[in-house]
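Every number in this text was worked out from the coordinates using simple rules, so none of it is lab data. Since this is a predicted model, take the numbers as computed values, not measurements. Ideal geometry is used to build each Cβ from the backbone, glycine not excepted, and the neighbour counts take in all protein chains shown.
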Amino acid sequence: MTAPGAAGRCPPTTWLGPRLLLVCLLVSRSIAKEVSEHCSHMIGNGHLQFLQQLIDSQMETSCHITFEFVDQEQLKDPVCYLKKAFLLVQDIMEDTMRFKDHTPNANAILRLQELSLRLKSCFTKDYEDNDKACVRTFYETPLQLLEKIKNVFNETKNLLEEDWNVFSKNCNNSYAKCSSQGHESQHMGSSNAQIPGFVFHLLVPSIILVLLAVGGLLFYRWRRRSHRETQTLDSPTRQPEGSLLTQDEDTQVELPV
């Protein structure tokens, strides 16, 4: 027998599953939409104006500073370049770009640091093994450094407005190529460093032998010339055998009495 009121009822799973799935889809779509709007419009023109103010307020100087940044010659991919540069810009703003507290420049840096923290959600993280890949040390003026940072924010803004998910790209292969190039150049550098050392050890004994040979030849020629000069000086004082003087001395002539 069927229990009263039980007929025509469906098990809860027959209607809860599709509805729950629909709710999840709606929630995920709303989250994705929020993230897309969040990333697409996170960098505003005001942030770029902050950077321009920092550039305009810099004193023109020939002094240079040392900092690490992405080597664009090694890393041609614009998305991977910006992903790597974004992390380095965070370190530079924290360690290198320091201004007196409560000044306009210091406040601008704080705003940019807050922006970079919010931007982290728009960038997927790649393997930490490649942190130093495609990175080299630059020696430039503060003005040149600020220009680099402004270009990074400006290009990031443009790409996010075109595709909010652009920085989810996996760049491990691109970074690995930089690492392999770095090892090759390091190997070539070590090989080239060994070649001059080998040439040095080979040339020094040869040069010493040549110098000794030249010195011996010059000494021989000097001795020979000195000997000839001595013979030339002694030749007028020598009396040749059978000379008239000798004959007169040896021959006794009897004079008449």
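How big is the range 40-174 by the Kirkwood estimate over distinct Cα pairs, in Å?
15.5 Å is the Kirkwood radius here.
Sort ARG228, ARG136 so the one with the fewest other Cβ atoms within 10 Å of its own Cβ comes first. Could the numbers behind the result be given before it?
On the way: ARG228 10, ARG136 13.
With the fewest neighbours first, ARG228, ARG136 line up as ARG228, ARG136.
Which percent of the Cα-Cα distances in the range 80-120 go past 14 Å? Each step should come with its number before you reach the end.
On the way: 395 of 820 pairs.
Value for the range 80-120: 48 percent of Cα pairs lie more than 14 Å apart.
Can you sort LYS125, LYS157, LYS83 from fewest to most other Cβ atoms within 10 Å of each residue's own Cβ?
Placing the least packed residue first, the sequence is LYS125, LYS157, LYS83.
If you bin the C-alpha pair distances of the range 111-164 every 10 Å from 0, what whole percents do you get?
Each 10 Å bin holds this share of Cα pairs: 17, 41, 39, 3.
So, R0 is 51 Å and r is the distance between the beta-carbons of LEU211 and ILE65; what FRET efficiency does that work out to, to 0.05?
0.55
What ranking do HIS227, HIS102, HIS64, HIS38 get, fewest neighbouring Cβ atoms within 10 angstrom at the top? Before the final figure, lay out the partial values.
Details: HIS227 10, HIS102 7, HIS64 13, HIS38 16.
Result, fewest neighbours first: HIS102, HIS227, HIS64, HIS38.
Which links in LYS100/LYS169; LYS120/LYS177; LYS100/LYS177 stretch past 30 Å when you go from one Cα to the other?
Over 30 Å apart, Cα to Cα: LYS100/LYS169; LYS100/LYS177.
Identify the chymotrypsin sites (Phe, Trp or Tyr not before Pro) of the range 56-163 meeting these criteria: DSSP loop state and at most 12 other C-beta atoms within 10 Å of the C-beta. List each step's numbers first, then the result.
Details: sites: PHE67, PHE69, TYR81, PHE86, PHE99, PHE123, TYR127, PHE138, TYR139, PHE153; in loops: PHE99, PHE123, TYR127.
When the chymotrypsin sites (Phe, Trp or Tyr not before Pro) of the range 56-163 are filtered for loop state and at most 12 Cβ neighbours within 10 Å, TYR127 remain.
Could you pull out every residue, at least 5 positions away or on a different chain, whose amide H is within less than 5 Å of the one on ILE65? Hs are placed 1.01 Å off N in the peptide plane, and Pro or chain starts have none.
GLU140, THR141
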